[in-house]
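Only one structure is covered here, and it is reproduced in the block below.
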Amino acid sequence: MANLGDVGAQSFYGHILTFRGVGLGAREEGVRLLRLAALAGDGKAAYQVGAISLAGTPGKAPDPLEAARWWTMAAKAGHPLAELKLKELAAGVSSR
């Protein structure tokens, strides 16, 4: 269902592959699915993509501006922690 565009499935499988998948390929596919779900309005997925952006990934440095963009989407979607993370980021605190 995730490959057919179901946002809930993209978010669900994206989380599973990102955090429980085996190997870099599984993680990359998980992040891809999370991004798709986030762009479709899933607040939980947007929050996680923001956290991943701030942490950085192999070959990609941490990106606070990208994290803020995703957390802004998550906050608009009603994610309860996104607004807090945006405030922490603005204050220069990177507690994850």
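The values are calculated or read from the model by the stated rules, or taken from the named source; none is laboratory data. All figures in this text were calculated on a predicted structure; none of them were measured in a lab. Neighbour counts run over all protein chains shown; Cβ positions are idealised from the backbone, glycine included.
Contact annotation: residue pairs with Cβ atoms under 6 Å, 6 or more positions apart or on different chains, pairing a residue in the range 2-20 that is over 13 Å from V49 (Cα atoms) with a partner that is in a loop (DSSP other than H, G, I, E, B), are V7/A40; V7/D42; A9/M1.
Given the criteria under 18 Å from T72 (Cβ atoms), without any contact (Cβ under 8 Å) to a residue 24 or more places away in the chain and either in contact with a Cys (Cβ under 8 Å, 6 or more places away or on another chain) or not small (G, A, S) (or both), does R35 qualify? Reasoning before the result, please.
Details: under 18 Å from T72 (Cβ atoms): yes; without any contact (Cβ under 8 Å) to a residue 24 or more places away in the chain: yes; either in contact with a Cys (Cβ under 8 Å, 6 or more places away or on another chain) or not small (G, A, S) (or both): yes.
Yes; evaluated as a whole, the condition is true for this residue.
Of the helices (runs of 4 or more DSSP H) entirely within the range 21-96, those holding at least 2 residues that are hydroxyl-bearing (S, T, Y) and buried (at least 17 other Cβ atoms within 10 Å of the Cβ) occupy 43-55.
Quick grid of which residues meet (1) at pLDDT 95 or above; (2) closer than 18 Å to L86 by Cα; (3) not basic (K, R):
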{"site": "M1", "(1), (2), (3)": "no, no, yes"}
{"site": "G23", "(1), (2), (3)": "no, no, yes"}
{"site": "E28", "(1), (2), (3)": "no, no, yes"}
{"site": "R35", "(1), (2), (3)": "yes, no, no"}
{"site": "Q48", "(1), (2), (3)": "yes, yes, yes"}
{"site": "A51", "(1), (2), (3)": "yes, yes, yes"}
{"site": "T57", "(1), (2), (3)": "no, no, yes"}
{"site": "K60", "(1), (2), (3)": "no, no, no"}
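Of everything in the range 1-20 that is on the phi < 0 side of the Ramachandran plot and small (G, A, S), the residue that is surrounded by the most Cβ atoms within 10 Å (Cβ to Cβ) is G14. A91 passes every criterion in (1) under 27 Å from A26 (Cβ atoms); (2) of a type in the set (G, A, S); (3) without any contact (Cβ under 8 Å) to a residue 12 or more places away in the chain apart from (1).
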